[in-house]
Structures are given as C-alpha cells and as structure tokens.
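The values are calculated or read from the model by the stated rules, or taken from the named source; none is laboratory data. All of these numbers come straight from a predicted model, not from anything done at the bench. Quick reminder, even Gly has a Cβ in these numbers, built from the backbone with ideal geometry, and neighbours come from all protein chains shown.
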Amino acid sequence: MLLTGTGALLAAAADRRAVPGFVAYNLETAQGIVAAAETSGLPVIVQAGSSAFRHAGMLPLAQLALGLARASDAQVGVHLDHSRSLEEIAACLDLGYSSVMVDGSHLAYEENVALTRSAVERAHDAGAWAEGELAGIAGDEDVSTDAAPAAMTDPGQAADFVSRTGVDALAVAIGNVHGFTARPPRLDLGRCAAVRDATGVPLVLHGASGLGDEVLLACLDLGVAKVNVNAELRRAFLEAVGAALPAAMPLSDLVGPLTAGREAVAAAAVRTTRLLGRAERRGGLVT
Ligand code: 13P
C-alpha cells in the first residue's frame, strides 16, 4: 500500500528510528526495494526522482514505482528526490507521489525560501509531505566521485527556513556527501543535534552509503528520521549482474542477471531497513 502522510516519519523520529529512502532506476531496483519492506515488515520509501528520470523517463519510472507500492501489502512511500522544478513536482503530485523533495540549495537563500514554500503548498494541497534542503550536499547522485563536503547547515538559518517554508522534513549537510568516498566522511554530529533542536522537524540524512552502522545509528539518536541510500544498492546490483554474466554466456540470458541484480538489491535494502528500523529491538537480527 502507498504510505501516505508524515505518520511513519514522525513515529520513527519519536522512536529514534529512520525510514530508508532508497533510489530506484528501473524495474528490478524498484522491486528489490519493495521486497525489502515486505521482508522486514518495516516501511520504506522508493525514491524515483529527477536524476533517475533522465535515464528512465518520468512517466514510466513514476508509474512503475507507484504501481509496485500500491500492489504491495507492505508500507511503501514514493518520493521525488532532489527536484529543482515546480512543474516536475506538480506532475509527480498529480500522479500520486506521497512526498517530494524540493532542492533549492543552489539558489540564493531568499529564492530557496520562495521556491520551497511554493513546493510545500502544492505538496500539502495534494495530501503529500515535503522535504527541503538548505546547504548543498556534495557528490554525484548517479556515480560515486570522491567528493568532499561543501557547506554545512547553519542551525539558526535552518530554524528560519523551516518556519518560513513549512517543510515537514529537512535534509541536513553535516559533512555527508553522495556516493562512496575513499575514506568515509566525518559527520558533525553536534551540528545535527543543534539543527534538530532549532527546527523541531525530522531530519533527512543524504549520502548514507559507506558511512558505517555506528555513525548511522548515532544520527538516529540526533533527529535523523529518514536516511537516503543509493550507491550501496547500485553497487549490489552491479556486482550481482557482473557475477551472473558468465552463466549467461554466450550473452543470451537476460533474465538471469537481472534477477540476480534484483535479489542483491533486496538483500542490501533489507539489511539497511532493519538497521535503521532498529529491528534488533524486536528480536530480529541485522544480518
Ligand atoms: P548515497 O549514494 O551516498 O547512498 O546517497 C544517496 C542519496 O542521498 C540520495 O538522495
């Protein structure tokens, strides 16, 4: 079923858990993500967003993600990740997206406030919730570059931003970067707590791939209630497809490698979902 409203996010924040936002590019990655919700019994968010639309096209990928979410018995949100365009946001809301992220971090502050406030109004009118971003998060969305963190979120500015835009969740920049890096970035956890205290909304941690379980769990204690993961699933998919290729020789079996990719995405997503959902509290093992 489609996971609507901020209930799952707020419940996670209150319980020091997080809902994972996993990026989907195609049928198999989206299916693997939905399978993680079904296997773990925990909510997940499929992020079918701007960047992946450039590969798959907006309508095919959006409808695919929504169709899988609606057909599943598990709780699956469908989220537009990193959108700079009000037209794209409106189109996804019309299709039934449960949440959107408006990314005005490239704009001057007042322009970001204005863009984000418009996006929030549209999202709320459509019964969806909205995530905003203040300082940019470095690194490429689709390939892992060895990016260094850029600006950091200022707690005072974050408080002003949240109260003037009405965002339901805020993406923080605390040293996190998109993709894998040679050495895991060091997060400014004190800043995370300060932004939580200043804003009072659930925080979103982008760039979670490669951060390590302990750091992720520390963030959950400091206000992070949604954690975005992409590179980790891309790597799982590609490794599995690569490993399945010899058996597909002489390059005639398409289904075998794609199935291996889907299963690897599901396994990686289950692990992260259970970690962030603190499944060990319920007696489940994070394996
Ligand atoms: P990673 O690629 O580091 O997992 O980041 C994903 C992300 O933040 C998507 O918005």
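Could you tell me which residue of the range 127-146 is surrounded by the fewest Cβ atoms within 10 Å (Cβ to Cβ), considering only residues that are within 9 Å of the ligand (Cβ to nearest atom) and of a type in the set (D, E)? My answer is D140.
Applying the criterion of being assigned to a helix (DSSP H, G or I) and among the small types (G, A, S) to the residues of the range 55-113, the residue that is farthest from M152 (Cα to Cα) is A71.
Conditions tested, residue by residue: (1) touching a strand residue (DSSP E or B) at 6+ places or on another chain (Cβ under 6 Å); (2) within 16 Å of the ligand (Cβ to nearest atom).
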{"position": "L2", "(1), (2)": "no, no"}
{"position": "A13", "(1), (2)": "yes, no"}
{"position": "V19", "(1), (2)": "yes, yes"}
{"position": "A24", "(1), (2)": "yes, yes"}
{"position": "I33", "(1), (2)": "yes, yes"}
{"position": "V46", "(1), (2)": "yes, yes"}
{"position": "H55", "(1), (2)": "no, yes"}
{"position": "L68", "(1), (2)": "no, no"}
{"position": "E87", "(1), (2)": "no, no"}
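Does R235 qualify as being part of a helix (DSSP H, G or I), touching a residue at least 40 places away in the same chain (Cβ under 8 Å), within 16 Å of the ligand (Cβ to nearest atom) and of a type in the set (K, R)? Criteria met by R235. Between A240, A193, which is away from the ligand (no atom under 16 Å from the Cβ) and within 18 Å of L10 (Cα to Cα)? Within the list A240, A193, the selection yields A193.
Look at (1) within 16 Å of the ligand (Cβ to nearest atom); (2) outside any strand (DSSP E or B); (3) in contact (Cβ under 8 Å) with a residue 60 or more places away in the chain and you find that A225 fails only one, number (2). For the range 232-257, the tally of residues that are over 22 Å from G21 (Cα atoms) and not polar (S, T, N, Q) stands at 16.
Residue count for the range 156-180 satisfying the condition of being among the polar types (S, T, N, Q) and under 19 Å from the mean Cα position of the chain (by Cα): 1. Of all residues being under 13 Å from the mean Cα position of the chain (by Cα) and not β-branched (V, I, T) in the range 68-84, which is modelled with the lowest pLDDT? Just the residue, please. Here the answer is H82. The number of residues in the range 239-264 that are among the small types (G, A, S), part of a helix (DSSP H, G or I) and modelled with pLDDT under 95 comes to 2.
Out of all the residues in the range 151-169, is one or more within 11 Å of the ligand (Cβ to nearest atom) and either of a type in the set (G, A, S) or in contact with an Asp or Glu (Cβ under 8 Å, 6 or more places away or on another chain) (or both)?
Taking every residue of the range 151-169 in turn, none turns out to be within 11 Å of the ligand (Cβ to nearest atom) and either of a type in the set (G, A, S) or in contact with an Asp or Glu (Cβ under 8 Å, 6 or more places away or on another chain) (or both).
Tallying residues that are part of a loop (DSSP other than H, G, I, E, B) and hydrophobic (A, V, I, L, M, F, W, C) within the range 119-145 yields 7.
Whether any residue in the range 18-41 is out of contact with any Leu (no Cβ under 9 Å at 6 or more places or on another chain), surrounded by fewer than 19 Cβ atoms within 10 Å (Cβ to Cβ), closer than 23 Å to A236 by Cβ and of a type in the set (S, T, Y) is what I want to check.
Looking through the range 18-41, at least one residue is out of contact with any Leu (no Cβ under 9 Å at 6 or more places or on another chain), surrounded by fewer than 19 Cβ atoms within 10 Å (Cβ to Cβ), closer than 23 Å to A236 by Cβ and of a type in the set (S, T, Y).
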